[in-house]
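Some notes on the structure that comes next.
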Amino acid sequence: MTLSVTGCGSTAAQLEISSVATAVEADQVTISWRMSRSCFAAAELWDAAQPGAVRRSGVRSLAGTEYRARVTGLLPDRTYCFRIVAGPAPDLGEVTRSSSTHTIRTRKTLTVSEVAVAVSGQSATVTWKTDQPSDTTVIFGRTDEYESRKSNPDQRESWIHTVNLTGLEPLTTYRLRIVSKDPRGQASETKSQEVMFQTTGGVGTEVGPIMPRQGPKTN
């Protein structure tokens, strides 16, 4: 779809905005578009329930006539509206007629809870729950680089999750995090806090120490 705004500054030629696209997450949106020629432009976004509180993005020009703007700090599972505005000055103090209004909805966030690790010799069973159906994946390793990843293909859209980790080193401390993603694309990927556990030297079953790190880790 092609949207038209009046020309930048004193130029009479019509300025066209096209190829408007969005990449939406739970707390942010990236908006990209093309313009028929270079001009100062930005995206203006507001909560659909609070149309008076308009936020204007910063703009980064990709290739002269290609633009991308990111707006962060949004609330999950909420409807927002945005439009693209253009003008002759960097501060957009004078704005030409803007594009029509687009509507987006931010993604939901998944919540991970009740993480437990049961250790048996050089194996461990990890269980947890999510508040929405999600896939079942664990990243783990001896460092916070989490060198390994394990998924349960039988639980691609579940509320209760189980992953078995085998072939671990004996008497070794491991770190793990749950990685949950809605396979339907309705929620953003969520990573749990880090959990630490230690394997044993024997075969007997026991519950390994579960030691969540202080504070959430978001990267």
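Label A49 and T30 with points 7 Å out from Cα along Cα→Cβ: what is the distance between them in nm? Inter-label distance under the simple model: 2.8 nm. The trypsin sites (Lys or Arg not before Pro) of region 78-108 that DSSP puts in a loop, and whose beta carbon has at most 16 other beta carbons within 10 Å, are R78, R97.
Sorted fewest first by neighbouring Cβ atoms within 10 angstrom, V195, V95, V138 come out as V95, V195, V138.
Shown for C81, C39: other C-beta atoms within 10 Å of each C-beta, ranked fewest to most, produce the order C81, C39. The ratio of the alpha-carbon radius of gyration of region 109-206 to the globular-protein estimate 2.2 N^0.38 Å is 1.06. Placing pseudo-labels 7 Å out from each Cα toward the beta carbon at R56 and E114 gives an inter-label distance of 5.0 nm.
With kT/(6 pi eta Rh) evaluated at 10 °C and eta = 1.306 mPa s, and Rh the Kirkwood radius from Cα pairs, region 80-136 diffuses with a coefficient of 96 µm²/s according to Stokes-Einstein.
FRET efficiency for the pair Q132 and M196, taken as 1/(1 + (r/R0)^6) with r the Cβ-Cβ distance and R0 = 25 Å, rounds to 0.40.
Where a number appears in this text, it was derived from the coordinates with a stated rule and is not lab data. Just so you know, these numbers come straight off a predicted model, no measurement behind them. When we count neighbours, we look across all protein chains shown, and the Cβ atoms used for this are built from the backbone with ideal geometry, even at glycine.
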